[in-house]
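Beneath this line is the structure, given in structure tokens, with notes to follow.
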Amino acid sequence: MLEGYPISGRRAADISASVERAVAAGELAPGQPLPPMRELAERLGVNPNTVAAAYRVLRERGVIETAGRRGSRVRAKPATTGRGFIRAEVPAGVRDMSDGNPDPALLPALGPAFAAAAGHHDREPVLYGHAPAEPDLVRLARAELDADGVPDGPVAVAAGSLDAMERVLAAHLKPGDAVAVEDPGWGGLLDLVPALGLRTVPVGVDDEGPLPGDVRGALTAGARALVVTDRAQNPTGAALSAPRARVLRSVLRDHPETLLIEDDHGHRIVDLPLCPLAGTTRHWAFVRSAAKAYGPDLRLAVLTGDTVTLDRVRGRQRLGPGWVSRITQRAVAGLWAEGAVDSAAVAAAYGRRRDALLDALARRGVAAHGRSGLNVWIPVPDETGVVARLLGAGWAVAPGARFRVSASPGVRVTVSTLGEGEAGLLADAVAGALGGGPVRSHV
């Protein structure tokens, strides 16, 4: 069994470095199991405690994960692996519905906004020591947060939602702490949490958001943080309803020391009202990304929160990148102020595409979820088989394993570019991949 593992070394540091090199080179693939610690120790001629220490370092670095008696394996998206090793290739001629991207046709043109921002920079250059956040962007963001009922707090700017969440988690938690996460949920977050040395505690989700009983159970069991997607939840499309938000606020009031992080990446592409939880606990952060409405390559998100959390985030940011480009911030502020994104029209376009697929699936006896956002989640009995059969039929979808901890299997379909007349064809292919019979609907 062990001959295929290119692992060497006699010290914990050497063993962990050997595994990292193998993972980075693709010699140890994502999901590949590692040898049991005692077996590897015997092979290398070292004490089992040495191997245990090496595995602990690899877990803390986000390279491997351990699941009790099932042993240790390389993470699905290990921190040391280039994405080229784990990217699913879509063959020529196959319609790609797997990538989670917004429709480029619904994104605004960036050239004029950046030209104006660069011109302003030429007149008034931003230098070391200047404010890290663009005042116009802060003003616009704070005004909309106020209108949406998000509590008052300072505003910072991060390089996207995941960057903001990483900084908030690191501001309060230490390795070994538990974080309650939606399951199924955003794959980026599910990879980030263990990469920070934290533990994921899965919380079930339905169309109205996280299940209150699961949240209460996770917090009672000791989870120190909870991450919630307010709208356009990835991958299920869930959106917090007002009744669900009221119940979750009640749960959180019983656990006031919980670090609450809310992700509103659906801002300006969703027509459902925001039902924020922010302010219910002592420490909280609310994150809004520009990616889905204005373009992923902007790498920009605004966040607010309690004073202590934002002070820690900004302080750590000063010691790293310093700030997000003020030229980019000014360009986004210009797009925002000029109404470059017709939120109602964009939300309606995505809504029509989602509804078309959901209706077509329902007519074929296939249950699915997609209350908001860019994606539809389809429960399936066998992800691998369904993905392969759909690929053979000319459709690429994302396997649910990217988004699950312990939730039931499913596949994610990104509907952002679904064309008129395609919904029926895709639904036919899904029904065929499922054998023509209905699948029980439970997220």
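Modelled spin labels at D271 and V94, positioned 7 Å past Cα toward Cβ, are 3.4 nm from each other. Overall size of region 2-85 from C-alpha positions, given as principal axis extents largest first: 35, 24, 23 Å. Considering only H130, H369, H267, the mean-square fluctuation computed in a Gaussian network model of the chain, springs between alpha carbons under 10 angstrom, is largest for H130.
One chain, two ends: A118 and E257. Fully extended at 0.36 nm per residue, the span grows by 45.7 nm beyond their Cα-Cα distance. Which loop-located trypsin sites (Lys or Arg not before Pro) does region 1-72 contain, where loop means any DSSP state but H, G, I, E or B and the Cβ has at most 14 other Cβ atoms within 10 Å? When the trypsin sites (Lys or Arg not before Pro) of region 1-72 are filtered for loop state and at most 14 Cβ neighbours within 10 Å, R10, R11 remain. Which of rounded, prolate, oblate describes region 177-282, given a ≥ b ≥ c as roots of the alpha-carbon gyration tensor eigenvalues and a/c under 1.5 marking rounded, otherwise prolate only if a/b is larger than b/c? Oblate is the answer for region 177-282, as a/c is 1.5 or above yet b/c matches or exceeds a/b.
Defining a contact as two alpha carbons under 8 Å apart and six or more residues distant in sequence, what relative contact order in percent does the chain show?
Normalised by residue count, the contact order of the chain is 17 percent.
When the alpha carbon gyration tensor of region 239-287 is reduced to an equivalent ellipsoid, its three semi-axes come out at 20, 13, 6 angstrom, largest first.
In loop segments of region 378-439 as defined by DSSP, the GluC sites (Glu not before Pro) with at most 11 further C-beta atoms inside 10 Å of their C-beta are E420.
Suppose R0 equals 41 Å. What FRET efficiency, 1/(1 + (r/R0)^6) with r the Cβ-Cβ distance, do A67 and A242 give to the nearest 0.05? The calculated FRET efficiency here is 0.65. Modelled this way, with points 7 Å down the Cα-to-C-beta line, the labels at R352 and V308 are 5.0 nm from one another.
Where both bridge residues fall in the chain, DSSP classifies roughly 55% of the beta bridges as antiparallel. When you filter the trypsin sites (Lys or Arg not before Pro) in region 347-443 for DSSP loop state and at most 11 other Cβ atoms inside 10 Å of their Cβ, you are left with R440. Take the Cβ atoms of S343 and E420, set R0 to 22 Å, and the FRET efficiency comes out at 0.50. In a shell of Cβ-Cβ distance under 9 Å around A238, excluding A238 itself, what net charge do Lys and Arg (+1) and Asp and Glu (-1) give? Net charge in that neighbourhood comes out at -2. Under a Gaussian network description of the chain, with springs only between Cα atoms under 10 Å, the residue in L418, L272, L44 that fluctuates furthest is L44.
Would you calculate a helix-derived [θ] at 222 nm for the chain, using -39,500 (n - 2.57) for each DSSP H run of n ≥ 4 and dividing by the full residue count, to the nearest 500? Display every interim value, and only then the final one.
Values: 15 runs with 175 residues, N = 443.
After summing the helix terms and dividing by residue count, I get -12000 deg cm²/dmol.
Can you pull a Stokes-Einstein diffusion coefficient for the chain at 37 °C (0.692 mPa s), Rh from Kirkwood over Cα pairs, as a whole number of µm²/s? In µm²/s, the coefficient rounds to 142. Result for the chain in a Gaussian network model with C-alpha springs under 10 Å: among D122, D271, D311, the largest mean-square fluctuation is at D122. Building the convex hull from the alpha-carbon atoms of region 111-337 and averaging its projection over directions returns 11.6 nm². Sorted largest first, the principal axis extents computed over the alpha-carbon atoms of region 296-437 equal 55, 37, 26 Å. Decide, for region 234-368, between rounded, prolate and oblate: order the square roots of the alpha carbon gyration tensor eigenvalues as a ≥ b ≥ c, take rounded if a/c falls under 1.5, and otherwise choose prolate if a/b is larger than b/c, else oblate. Judged from the Cα gyration tensor, region 234-368 comes out oblate (a/c at least 1.5, b/c at or above a/b).
Quick note: the coordinates plus some simple rules give every number you see, no bench work behind them. Here the structure is a predicted model, which means the values were calculated and not measured. Please note: Cβ atoms are built from the backbone with ideal geometry, for glycine as well, and neighbour counts cover all protein chains shown.
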